[in-house]
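Report on the structure given below.
The values are calculated or read from the model by the stated rules, or taken from the named source; none is laboratory data. None of the values given here were measured: they were computed from a predicted structure. Heads up, the Cβs are rebuilt from the backbone with ideal geometry, glycines too, and the neighbour counts pull from every protein chain shown. SASA here: full protein model, heavy atoms, side chains in, ligands and nucleic acids out. Shrake-Rupley method; radii C 1.70, N 1.55, O 1.52, S 1.80 Å.
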Amino acid sequence: MTASDTALSIFLEDEQATKQLGEDLALALKAGDCLALTGDLGAGKSSLARALLRAIADDADLEVPSPTFTLVQAYDLRIPASHFDLYRLADPTELDELGFDEALQNGICIVEWPEMAAGELPSERISLRLTHEAGGRRAEISAAPKQTARIRRVLAIRQFLDEAGLPNVERRFLTGDASLRAYEAIHMPDGSRRILMDWPPLPEGPPVLDGKPYPKVAHIAEDAYPFVAIAQALRDHGFTAPEIYKADYDQGILLIEDLGTEGVLDANGNPIAERYRASVACLAHLHSMRMPQDIPVTDTHVHHIPDFDRTAMKVEVRLVLDWHIPWKRDGAKATDAERDEYLAIWDDLIDQLRAAEKNILLRDFHSPNIIWREDQHGIDRVGIIDFQDAMIGPTAYDLASIAQDARVTIEPALFRTLMDDYLSLRRAQGNFDEAAFLKSWAIMSAQRNCKLAGLWVRLMHRDGKPGYMKHMPRTLGYLSTAFQHETLAPLRDWFVRAGIMPSES
């Protein structure tokens, strides 16, 4: 393969290689992309389009008829897709009558014989030309730099899999998360499945504090080393975390164990009490053990688990000031006096955490990151994922994460059960200061939910992900629960005066 910022040239040795390119492109395309396929009759355009559509559908038997006579065939898939064949297009202006613009706005358009549309196709399209060459085919791709980068990325992952001894394995989109990581399901020849984590390195964002970008201040993992380190430490201590089969730290590509697909929620998205209680028991066991802070990952790299320090805590709670208040006030920012008072309150609360029990905190120990393994026993039933941002800090943070799950409502009865279970298990372990723990729990609950109250708004306005706003009422409700502890009275009063919460809360 040869490549530039806007062009790629790939030799496809046989029909399987053409199909594989189509499957890989299915992972690169996004809504708004137009893929224009050119080439002589028999060059492989329809084969590639068929493989692409079946991969998006995750259905090897999806019927993909040629749109030669209908001119367009629409598919309601993970990404809506429309397959156009313009060979019989009488006039380029007829493209409007076929609903091209609407199809492109809502999904992707695959266009065979794009030359028949003259200048009616978008200028920023992905052009793919197939030509016969030496018993195979040559695919030449040109596109805008960002589109080309996406295609190069999926091809780099294919090369990574080849180097892992897994040529021709089937790849399918699995999921993305609130970060910029994405995941693929890798279907092995024996019918099993592995997970590929796509975590591309990114340029640093704008400085938010002391000249540092948000991830550095808040100790958000920026490469794959922390994930591998924490997975290793958890597995070494008897917990269920994914085995790492292969890692490319420079490119940010990991091939890891698939722990399963069963979660801790029922079919209606409600918490399953037994599974939450088992997760809390797992957490209590974790907090009874001392985890190392320095973990060797490779011969040349040691991961130092960062401390959940004052700076990290405060940069997270500042999201209330920077995002939540402007949203609440129709764009009006917090005053300087409000900011100073809010941050001073947090300085005092953080001071009160000096005596709190500290150990590893996984940071996002809640329903999206817990895999239920029904056929296992004890803590092995609880599979743990998405722990790369782990820190050393107040252990109460993770109990707040699960007992006040950000993604699902934990009703008061289950909340009390989870808290009682955890406290009973910790008391049985001995040497447990329950009153101090509950105080740190209230502070950590408030800290986490203040962060989330701002994060949901940031995801909507900055990242174009409004779906997370559905969690806002729950987050503020959880915050009200934390405010019931007397040590949170100053913060509760500030929220009332700021108009974020009613006085009766």
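The number of residues in the range 457-482 being in contact with a Leu (Cβ under 7 Å, 6 or more places away or on another chain) and not in a helix (DSSP H, G or I) comes to 1.
Which residue out of Leu35, Leu53 is among the aliphatic types (A, V, I, L, M), part of a strand (DSSP E or B) and open to solvent by less than 10 Å² (accessible area, probe 1.4 Å)? Checking each option against the conditions leaves just Leu35. Tell me yes or no: at least one residue of the range 427-436 is in a helix (DSSP H, G or I) and open to solvent by less than 20 Å² (accessible area, probe 1.4 Å). The answer is no; no qualifying residue exists. The single condition among (1) closer than 24 Å to Thr409 by Cβ; (2) open to solvent by less than 10 Å² (accessible area, probe 1.4 Å) that Arg492 does not satisfy is (2).
Yes/no matrix, rows are residues, columns are (1) hydroxyl-bearing (Ser, Thr, Tyr); (2) over 27 Å from the mean Cα position of the chain (by Cα); (3) at negative phi; (4) surrounded by 20 or more Cβ atoms within 10 Å (Cβ to Cβ):
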position	(1), (2), (3), (4)
Asn449	no, no, yes, yes
Ala453	no, no, yes, yes
Leu459	no, no, yes, no
Met469	no, no, yes, no
Ser480	yes, yes, yes, no
Leu488	no, yes, yes, yes
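Taking every residue in the range 397-419 that is at negative phi and pairing it with any residue that is part of a loop (DSSP other than H, G, I, E, B) and among the acidic types (Asp, Glu), at least 6 positions away or on another chain, the pairs with Cβ-Cβ distances below 9 Å are Asp398/Asp364; Ser401/Asp364; Ala406/Asp364. Anything in the range 314-334 that is open to solvent by 10 Å² or more (accessible area, probe 1.4 Å) and either part of a helix (DSSP H, G or I) or closer than 15 Å to Ile220 by Cα (or both)? List them, or say none. Passing the criteria: Lys314, Arg318, Asp322, Trp323, Pro326, Trp327, Lys328. From the list Pro213, Pro242, the one residue that fits, being touching a strand residue (DSSP E or B) at 6+ places or on another chain (Cβ under 7 Å), within 16 Å of Glu257 (Cα to Cα) and open to solvent by less than 20 Å² (accessible area, probe 1.4 Å), is Pro242.
Conditions tested, residue by residue: (1) surrounded by fewer than 13 Cβ atoms within 10 Å (Cβ to Cβ); (2) touching a Pro at 6+ places or on another chain (Cβ under 8 Å); (3) part of a loop (DSSP other than H, G, I, E, B).
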residue	(1), (2), (3)
Val111	no, no, no
Gly119	yes, yes, no
Pro122	no, no, yes
Leu128	no, no, no
Arg150	no, no, no
Leu155	no, no, no
Arg158	no, no, no
